[in-house]
Amino acid sequence: MKRSSSRRGGYESRLSLRLWDFTGSALVNLFILIFLVSYLSPLTYMLVTAVKSSDQLSDAGAPILPADATTFFYDGRERRVYHVPFEDGERVLALVEPHTAYSMFIDPQDPQAGPIRWDGSYRRLEGVYHFSVHLENFTNLWESIDYGLLLKNTMIVVAVGEVGILVASIFVAYGFSRFRVPGGKFLFFLLIATIMIPDSITLVPTFFMYSKKILGWTGSFLPLIVPNLFGSAIYIFLLRQNFKSIPRDLDEAAMIDGAGPMRTLVSIILPQALPAVVTVGLLHFFNAWNELRMASLYLSTRQDLRTMPFSAQAFITYGFTPEVLQASAIVLMLIPVVVLFLAQRFFMQDMVVTGMEK
Amino acid sequence: MLVRRKKPSTYPAAEARPRHRSLAGYSARIGFLFILPWLIGFVLFKAVPILAALGFSFMEFDMLEPEKAHFIGLQNYATFLKDTNAGASLFGSIEVFLLAVPLQMFVALALAAIFASDRLKGKPILRTLFFMPSIIPAIAIFIILSGLTYPGSGWLTRLILDPLGLPPMSFGSLFLPVLSLWSIGPSFLIMLGAIQAVPKEIYEAARVDGAGPLNRFASITLPMVSPAIFFSLVINMISAFGGVALLDRGLPYSQSLSPMEGYIVYNMFSLQDLGYASALAWVMFLVVMAMTLLLFRSARYWVHFPEEEANEEI
């Protein structure tokens, strides 16, 4: 059918074309799906492990999914249930008397029938499990960590820095995109250059500057907040690109109508640049929420000022069991991920980056 | 275009503003006021610290006894040349850049190219799901990967390596690749934005001329999105050298992708040797600047910057 279609055309050719089209779409979607599943597989591990019990993690025969060993209450105790092979097929039995060479079982369906003898080592038997989700890992975490304090500290650093960095970056981007400043090109070149400067170069002198000898900011939120109040080079760059793409006719009209520069910025530029402003705001939110370098340098002396990621570093040394640790990983990423999903309609939607040099 | 007004008095609202000698001067002053915050920040938190670091690098400077600091000339740099640990850390950083960045760029570009296809369904949610790992805090990744590679209950050994008969993989060998692949979010979205901005007519014209999909990608998509590729290359390079570009997931210095950065911090906080740490930082600064310059120079040959400056006014 396929062979003849190419020459004869008509119905058959259209059919094969559609078939080809469908196969192509299916392959693309399938490929992306497989890639996504493998890309996020460590997260699946985290989600599954966080709801397991610690018994399951120490049990080598336990299944991958969260499950508890099935037990049967008999004669005053819980007894584990096993798959027991007999000559006439496998039976599901509860272990009553374990011995090395043979063991006595009982049928959970019919406990009155009395014990059943099975020869062999019960340790080789496969246990019976049932699906079960444990949320006590989260309650454990909640009890051992003061989340209220951590959230409050993180929120202070994030919120103050966010407002400061947005206002400053918007002002500077507006200045660079709409005004003829002498030496503006050189200053913009400097701005791009600061994006490239690695943090470690400024680390030594700024640490000395913040220390007790000069400013005395160690042990306070100031080193985490104050630098943000002057804007960030990369955000200024992104916002300026966006502001420049907005036609100038409107703000010139507003200027002629007597609007000052501030008024023009607030009522003409910002409404049009909203997606870019939201994007920059979100980028800073994620950065500030996860920020660890400054926090670990300047807040280590103050237990009461610790932020979320900084105290999370200590989780590893608290001696939490693996499943509680995985639960803590969920808690750590929860807020940024929720914010990302809530804001996904705006996030980086209009990020068309053109030249870096101009 | 700002037009010089001859009679400002005919505009009553303009009268309210203070008089200036010229509109250009007024524009310059207002513009300068707007960029002033960044300028102050630049001087206080970039320029002064960088110069101070240069000064410190010529001194013997113990953090515990700053009063005893004294000038020792190029001695710190001479120590650097003899310090094999410093050399190893520097090359480690360069190695990370050379290994991780091409991988990130390739995956991000391939993903963006597939996402540009009309065949893919559910793009908004997929886009967010692929971006999501880029905002996971580093500590969470650390916890997840240590669990995943744990010999007994970790899935990596149990589900993949054991059935295939492969030896167990350590946390250390997995951390860097996963971290790199989980950081492609911004590059991916920037490249996707660029690919989607390419006018459809160009592809149609090429299709009519008989260009296949691969040919269209190589001769239309790649040149058209080269500015976005360049931008992502720059931001990935900055992260590889321990800077913060677009997204920071809060890696502690000691576990940073850049071994050089870790070594600088070790010298600074464990050995309290500010002088030597500053010298190391300056060496790293020079290396990064040299690579940046090279990258920007090379851009002339492969990046097609759009000709937008023709009607540029500023």
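The values are calculated or read from the model by the stated rules, or taken from the named source; none is laboratory data. Predicted model only: the values in this text are computed from it and were never measured. Glycine gets a Cβ as well: all are built from the backbone with ideal geometry, and neighbour counts include every protein chain shown.
In table form, for the structure just shown:
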read-out	value
Filter pass, residue B:96 being more than 30 Å from residue A:35 (Cβ to Cβ), in a helix (DSSP H, G or I) and β-branched (Val, Ile, Thr)	no
Answer residue from the range A:82-135, given it is more than 27 Å from residue A:48 (Cα to Cα) and of a type in the set (Phe, Trp, Tyr) and is modelled with the lowest pLDDT among those	A:122
Some residue of the range A:134-142 being within 30 Å of residue A:325 (Cα to Cα) and in contact with a strand residue (DSSP E or B) (Cβ under 9 Å, 6 or more places away or on another chain)	yes
Residue in the range A:151-173 that is assigned by TED's automatic domain parsing to the domain that holds residue A:309, under 22 Å from the mean Cα position of the chain (by Cα) and charged (D, E, K, R) present	yes
Unique match (being modelled with pLDDT of 90 or more and hydrophobic (A, V, I, L, M, F, W, C)) among B:44, B:23	B:44
Residue within the range A:124-133 that is surrounded by 13 or more Cβ atoms within 10 Å (Cβ to Cβ), touching a residue at least 24 places away in the same chain (Cβ under 8 Å) and assigned to a helix (DSSP H, G or I) present	no
Scope the range A:81-109; condition under 11 Å from residue A:126 (Cα atoms) and among the β-branched types (Val, Ile, Thr); matching residues	A:81, A:84, A:92
Residue within the range A:19-29 that is under 26 Å from the mean Cα position of the chain (by Cα), assigned to a helix (DSSP H, G or I) and buried (at least 18 other Cβ atoms within 10 Å of the Cβ) present	no
Total residues in the range A:157-202, condition small (Gly, Ala, Ser), modelled with pLDDT of 85 or more and crowded, with 21+ Cβ neighbours inside 10 Å	6
Residues located in the range B:235-286, provided they are in a loop (DSSP other than H, G, I, E, B) and more than 8 Å from chain A (Cβ to nearest Cβ)	B:256, B:257, B:271, B:272
Residue A:86 being over 29 Å from residue B:153 (Cα atoms) and not charged (D, E, K, R)	yes
Tally of residues being facing another protein chain (nearest Cβ under 7 Å) and either under 13 Å from the mean Cα position of the chain (by Cα) or touching a residue at least 24 places away in the same chain (Cβ under 8 Å) (or both) across the range A:321-343	10
In the range B:144-168, the residues that are among the hydrophobic types (A, V, I, L, M, F, W, C) and surrounded by fewer than 16 Cβ atoms within 10 Å (Cβ to Cβ)	B:159, B:160, B:164, B:166
Filtered residues of the range B:162-202 (kept if among the hydroxyl-bearing types (Ser, Thr, Tyr) and touching a strand residue (DSSP E or B) at 6+ places or on another chain (Cβ under 8 Å))	B:183
Number of positions in the range A:180-189 that are over 11 Å from residue B:38 (Cα atoms) and either touching a residue at least 12 places away in the same chain (Cβ under 8 Å) or not in a loop (DSSP other than H, G, I, E, B) (or both)	4
Test result for residue A:45, assigned to a strand (DSSP E or B) and crowded, with 18+ Cβ neighbours inside 10 Å	no
Failed item in (1) within 22 Å of residue B:99 (Cβ to Cβ); (2) in contact with a strand residue (DSSP E or B) (Cβ under 8 Å, 6 or more places away or on another chain); (3) facing chain A (nearest Cβ under 7 Å), with residue B:135 passing the rest	(1)
Total residues in the range B:61-85, condition touching a Phe, Trp or Tyr at 6+ places or on another chain (Cβ under 9 Å) and within 14 Å of chain A (Cβ to nearest Cβ)	6
Among (1) surrounded by fewer than 16 Cβ atoms within 10 Å (Cβ to Cβ); (2) closer than 30 Å to residue A:246 by Cβ; (3) in contact (Cβ under 8 Å) with a residue 60 or more places away in the chain - the single one residue A:318 does not satisfy	(2)
Test: residue in the range B:43-53 that is assigned to a helix (DSSP H, G or I), among the basic types (Lys, Arg), within 13 Å of chain A (Cβ to nearest Cβ) and under 30 Å from residue A:212 (Cα atoms)	yes
Candidate set: the range A:203-253, residues that are of a type in the set (Phe, Trp, Tyr) and facing chain B (nearest Cβ under 10 Å); chosen: the one farthest from the chain's Cα centre (by Cα)	A:208
Test: residue in the range A:208-228 that is touching a helix residue (DSSP H, G or I) at 6+ places or on another chain (Cβ under 9 Å) and within 30 Å of residue B:294 (Cβ to Cβ)	yes
Selection count where residues are closer than 11 Å to residue A:46 by Cα, more than 7 Å from chain A (Cβ to nearest Cβ) and touching a Phe, Trp or Tyr at 6+ places or on another chain (Cβ under 6 Å), scope the range B:144-158	1
Among the residues listed as B:232, B:219, the single one being modelled with pLDDT of 75 or more, more than 7 Å from chain A (Cβ to nearest Cβ), crowded, with 23+ Cβ neighbours inside 10 Å and in a helix (DSSP H, G or I)	B:232
